[in-house]
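This report refers to the structure that appears directly beneath it.
Quick note: the coordinates plus some simple rules give every number you see, no bench work behind them. Note that this is a predicted model, so its numbers are computed, not measured. Backbone-built Cβ (ideal geometry, glycine too); neighbour counts: all protein chains shown.
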Amino acid sequence: EEALALQQRLETAAALRQQQLSQLKLLEETRRQFIARQQAIHAMEMQRLEEELLRKRRERELELASSLQEMEATAAEVEKQRALLEHEIAERQKVFDLFAKT
């Protein structure tokens, strides 16, 4: 009878160890799945951020190109106005020189 009780205790302990091992395996698999999901979420977020940075860089490049075009147009207009003013000054100087001679 003692041998039977000892055998039952050993079997119960073995079954308990097996159950604990199964629980640990399940817990480990759950942890791995959680980490894999977290990594996938992190990768998606990184991709979104990279795309956002690329979009902003393209917008900034377009704004810079537009500003450069505006500056070039303004510079051309200023140069045109400068040339007109120089011509007008030269014409007025001619008239002044004619009156000064008489």
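Here the dipole of the chain is about 160 debye; that uses its Cα centre as origin and unit charges on the Cβ of Lys and Arg (positive) and Asp and Glu (negative).
Couplings 3J(HN,Hα) for the range 9-16, derived from phi with the Karplus relation 6.51 cos²θ - 1.76 cosθ + 1.60 (θ = phi - 60°), are 4, 5, 5, 5, 5, 5, 5, 5 Hz, where x marks Gly and Pro. Between Ala40, Ser67, Gln23, whose Cα lies farthest towards the positive end of the dipole of the chain when Lys and Arg beta carbons carry +1 and Asp and Glu beta carbons carry -1, centred on the Cα centre? Sorting the options by dipole projection puts first Gln23.
Where only DSSP H runs of four or more residues are counted, the chain gives -37500 deg cm²/dmol as its mean residue ellipticity at 222 nm, each run worth -39500 (n - 2.57). Applying 1/(1 + (r/R0)^6) with R0 = 30 Å to the Cβ-Cβ distance of Arg92 and Arg58 gives a FRET efficiency near 0.05.
With a simple spin-label model that places each label point 7 Å from the Cα along the Cα-to-Cβ direction, the separation between Ala40 and Leu16 comes to 3.9 nm. Of all lysines in the structure, those lying under 27 Å Cα to Cα from Lys80, and not within fewer than 8 positions of it along the same chain, are Lys94.
Taking the structure as given and computing Rg and Dmax of the Cα atoms in Å, which label from [x] 28.3, 90; [y] 14.1, 44; [z] 43.5, 149 fits? Calculated Rg and Dmax of the Cα atoms in Å: the matching label is [z]. The charge dipole of the range 1-53, taken about its Cα centre with unit charges on the Cβ of Lys, Arg, Asp and Glu (plus for the first two, minus for the last two), comes to roughly 100 debye.
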